[in-house]
Amino acid sequence: MKEKYFTPDNIDLESEEMIEEVKYYSGMRMFKPDFGHLALLVVDMQNYFLDPDEHAFVPSSPVILPNVLKIMQACKAMKMPVILTRHLNNKENAGMMGIRWHELINEKDPRSDISENIAAMGGTVLKKSQFDAFYETDLEQQLLHAGVKQLIITGLMTNLCCESTARSAFVKGFDVVMPVDATAAYNYEFHLATFLNLAYLFSRPVKTNTLLDLLNDA
């Protein structure tokens with residue numbers, strides 16, 4: 001099921017081809033940054049998913065890491081809120097996730113720590129127990145308090161936590177953008193399926209460089 005569909009050599013072309021494949025569904029709607037009302041969410045960039053020795057390793061995760069860091073750097077420079085989610089579970093809060101995931105990582109497990117490169121960039125850490133980062137957290141309150149209307153979603157995994165959070169954000173009234181080459185799933189099919197699903201209404205697909213250009217212009 002797992003595959004390294006992004007490599008340093010092909011990520012630019014692969015992401016362009018994905019956007020080309022889904023652009024029919026996204027119509028003419030473009031993402032226009034609303035400076036001062038924009039936040040970045042970096043989803044679950046944790047050792048558990050980034051370490052090749054872990055069974056939960058996402059093979060394309062090291063390849064998207066530089067793009068996530070570029071976006072973080074740009075957002076920090078523009079003094080935007082940056083929120084880093086950290087997925088944690090126990091038997092009580094895992095719910096249905098405990099049926100699919102036989103191993104649960106808790107707060108004391110170093111594998112649950114946010115990747116050193118990501119953590120070093122800084123940001124507010126948000127602990128969550130389900131795919132949707134809004135579920136039983138104060139994420140919505142944090143965003144509303146900061147006057148946020150638009151949300152950039154990056155990280156892992158595209159078809160689970162990123163997509164679930166993007167859908168929830170849309171329902172709550174946030175304009176969402178999710179870079180194709182700053183998110184990753186276990187395989188190409190999962191990744192593409194998310195952008196096919198989201199493109200119709202939930203989020204306009206973009207590349208990291210395009211997003212950075214839009215932020216700079218704003």
## Note on the structure
Ser168 meets each of (1) among the hydroxyl-bearing types (Ser, Thr, Tyr); (2) in contact with a Leu (Cβ under 7 Å, 6 or more places away or on another chain); (3) touching a residue at least 12 places away in the same chain (Cβ under 8 Å) with one exception, condition (2)
### Message
Give all pairs with beta carbons closer than 6 Å in which a residue from the stretch 137-155 that is farther than 24 Å from Asn67 by Cβ and touching a residue at least 12 places away in the same chain (Cβ under 8 Å) meets a residue that is aromatic (Phe, Trp, Tyr) and surrounded by 16 or more Cβ atoms within 10 Å (Cβ to Cβ); count only pairs at least 6 apart in sequence or on separate chains.
### Response
Glu140/Phe134
### Test set (1) within 25 Å of Phe202 (Cα to Cα); (2) within 15 Å of the chain's Cα centre (by Cα); (3) in contact (Cβ under 8 Å) with a residue 60 or more places away in the chain - Gln46 fails condition number
(1)
### Message
When the residues of the stretch 41-75 are narrowed to those that are part of a loop (DSSP other than H, G, I, E, B) and of a type in the set (Gly, Ala, Ser), which ends up surrounded by the most Cβ atoms within 10 Å (Cβ to Cβ)?
### Response
Ser60
### Of all residues making up the stretch 175-218, the number that are more than 14 Å from Gly155 (Cα to Cα) and part of a loop (DSSP other than H, G, I, E, B)
5
### Query
When only residues in the stretch 171-218 that are surrounded by 16 or more Cβ atoms within 10 Å (Cβ to Cβ) and charged (D, E, K, R) count, which is modelled with the lowest pLDDT?
Arg204
#### Entry: Identity of the residue in the stretch 19-40, assigned to a loop (DSSP other than H, G, I, E, B) and hydrophobic (A, V, I, L, M, F, W, C), that ends up modelled with the highest pLDDT
Phe35
### Task
Using the structure shown, decide if Glu20 is touching a residue at least 24 places away in the same chain (Cβ under 8 Å), acidic (Asp, Glu) and either exposed (fewer than 14 other Cβ atoms within 10 Å of the Cβ) or at negative phi (or both).
no
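The values are calculated or read from the model by the stated rules, or taken from the named source; none is laboratory data. As the structure is a prediction and not an experimental result, all values here were calculated from the model. Here Cβ is always computed from backbone atoms with ideal geometry, including for glycine, and neighbour counts include all displayed protein chains.
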